[in-house]
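This report concerns only the one structure given below.
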């Protein structure tokens with residue numbers, strides 16, 4: 001659904017749909033949900049075939065890269081994780097007076113970003129578990145996945161048609177968004193900082209909706225002295241290459257504890273191993289669009305990183321621009337990655353000092369891949385900096401339905 005006139009009646013219909021959701025059993029919802037997720041994971045299904053070409057185009061991912069991304073996102077919201085989320089929602093309702101208890105009147109307005117394919121499923125499954133009607137707003141640059149998924153879900157469970165919707169309109173349009181903000185019980189917003197700030201200001205001015213922002217964040221990795229750098233590199237390559245490094249859980253910096261205060265032997269070994277793994281992944285998941293040129297702005301930014309590294313005499317394994325960029329950076333300060341699978345590896349003398357080095361990034365860190373017991377021991381310090389997910393290398397970009405994105409339980413967002 002994309003036409004502006006749909007929004008005229010949609011808020012009122014959604015606002016009163018909570019009883020409809022409450023009447024549906026967990027089994028019915030989970031059965032329809034699981035079947036729909038499986039269909040969109042299968043490249044040969046009618047649902048996927050109908051949107052494949054458009055989705056490759058809108059996400060700017062190669063077809064293999066898109067499939068890998070969908071497996072990472074959709075794989076975390078099916079099966080056991082989804083069932084556990086529904087179990088926790090049932091227990092929450094029981095604790096508030098019985099299984100028939102539903103959220104207060106109003107629907108959730110979820111403003112999606114275009115950096116990741118299938119992002120809609122994470123808030124959608126939580127809203128369904130919490131029995132909160134939901135309106136998904138797709139970005140105009142990626143209007144394909146959410147409406148197709150909602151159509152397929154409602155086809156499998158027609159009772160959802162009045163409680164779930166996906167619409168695309170130009171973001172920032174006050175004429176279209178003011179009536180939605182006025183009726184929504186909660187607004188969940190993904191996107192860049194200016195867009196979120198504008199939306200939050202308008203939502204607060206109306207004074208009704210609770211506002212939950214998911215602004216831009218980045219992620220890193222830490223490799224302890226006991227970790228095998230080749231094993232770590234194999235996992236880190238996935239954490240870097242998935243989604244062409246566009247996600248908030250994409251790794252852009254790696255801190256490696258060295259043998260001495262001025263050494264970089266392990267960092268260079270990791271750089272070589274990571275470069276080899278990225279080279280392999282570039283053949284499996286070519287950076288998108290497949291067969292097309294890299295984005296000139298992105299390519300230019302990466303070339304600048306390479307030129308600076310070469311002028312400073314930094315260690316940089318040979319990689320084609322389409323394969324990625326790995327630089328051993330002796331300075332400890334973390335810097336933003338320009339994307340296109342670009343990673344800075346920082347040799348570090350004592351990982352116990354890392355919290356102080358990362359302090360300027362507090363509140364802007366999303367996840368950390370931790371390799372080795374020494375790295376894993378840093379989890380509490382990283383949590384103090386705002387990190388909401390830690391995982392072994394290779395698993396960082398595969399959160400499940402129970403992930404506390406931003407530190408908040410997914411169900412608490414929608415109750």
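The values are calculated or read from the model by the stated rules, or taken from the named source; none is laboratory data. Predicted model only: the values in this text are computed from it and were never measured. Note that we place each Cβ from the backbone using ideal geometry, even for glycine, and neighbour counts take in every protein chain shown.
Below is a table of values for the structure above.
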{"quantity": "In region 303-321, the residues that are exposed (fewer than 14 other Cβ atoms within 10 Å of the Cβ) and part of a loop (DSSP other than H, G, I, E, B)", "calculated": "312, 313, 318, 320"}
{"quantity": "Residue satisfying all of: in region 44-59; without any contact (Cβ under 8 Å) to a residue 60 or more places away in the chain and within 21 Å of the chain's Cα centre (by Cα); surrounded by the fewest Cβ atoms within 10 Å (Cβ to Cβ) among these", "calculated": "52"}
{"quantity": "Search result, residues across region 371-415 that are within 20 Å of residue 78 (Cα to Cα), at pLDDT 95 or above and not in a loop (DSSP other than H, G, I, E, B)", "calculated": "389, 391"}
{"quantity": "Residue in region 357-370 that is modelled with pLDDT of 95 or more and under 18 Å from residue 312 (Cα atoms) present", "calculated": "no"}
{"quantity": "Qualifying residue in region 394-408 (condition: within 21 Å of residue 126 (Cα to Cα), out of contact with any helix residue (DSSP H, G or I) (no Cβ under 8 Å at 6 or more places or on another chain) and in the same structural domain as residue 274 (by TED's automatic domain parsing))", "calculated": "no"}
{"quantity": "Residue match in region 65-76 (condition: part of a loop (DSSP other than H, G, I, E, B), assigned by TED's automatic domain parsing to the domain that holds residue 118 and farther than 24 Å from residue 289 by Cβ)", "calculated": "yes"}
{"quantity": "Number of the exception - residue 372 against (1) within 30 Å of residue 300 (Cα to Cα); (2) in contact with a strand residue (DSSP E or B) (Cβ under 8 Å, 6 or more places away or on another chain)", "calculated": "(1)"}
{"quantity": "Pair list, Cβ under 7 Å, 6 or more apart: region 107-132 residue outside the structural domain of residue 249 (by TED's automatic domain parsing) and on the phi > 0 side of the Ramachandran plot, other residue crowded, with 24+ Cβ neighbours inside 10 Å and modelled with pLDDT under 95", "calculated": "none"}
{"quantity": "So residue 176, is it part of a strand (DSSP E or B) and assigned by TED's automatic domain parsing to the domain that holds residue 27", "calculated": "no"}
{"quantity": "Criterion: out of contact with any helix residue (DSSP H, G or I) (no Cβ under 6 Å at 6 or more places or on another chain), within 22 Å of residue 193 (Cα to Cα) and surrounded by 22 or more Cβ atoms within 10 Å (Cβ to Cβ) - qualifying residue of 337, 368", "calculated": "337"}
{"quantity": "Test: residue in region 144-157 that is surrounded by fewer than 23 Cβ atoms within 10 Å (Cβ to Cβ) and outside any helix (DSSP H, G or I)", "calculated": "yes"}
{"quantity": "Which listed residue is surrounded by fewer than 18 Cβ atoms within 10 Å (Cβ to Cβ) and in contact with a helix residue (DSSP H, G or I) (Cβ under 8 Å, 6 or more places away or on another chain), from 62, 35", "calculated": "35"}
{"quantity": "Any hit, region 281-295, residues being on the phi > 0 side of the Ramachandran plot and assigned by TED's automatic domain parsing to the domain that holds residue 344", "calculated": "yes"}
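Here is a yes/no grid of residues against (1) in contact (Cβ under 8 Å) with a residue 24 or more places away in the chain; (2) closer than 13 Å to residue 220 by Cβ:
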| site | (1), (2) |
| --- | --- |
| 293 | no, no |
| 301 | yes, no |
| 311 | no, no |
| 325 | no, no |
| 339 | yes, no |
| 345 | yes, yes |
| 365 | yes, yes |
| 368 | yes, yes |
| 374 | yes, no |
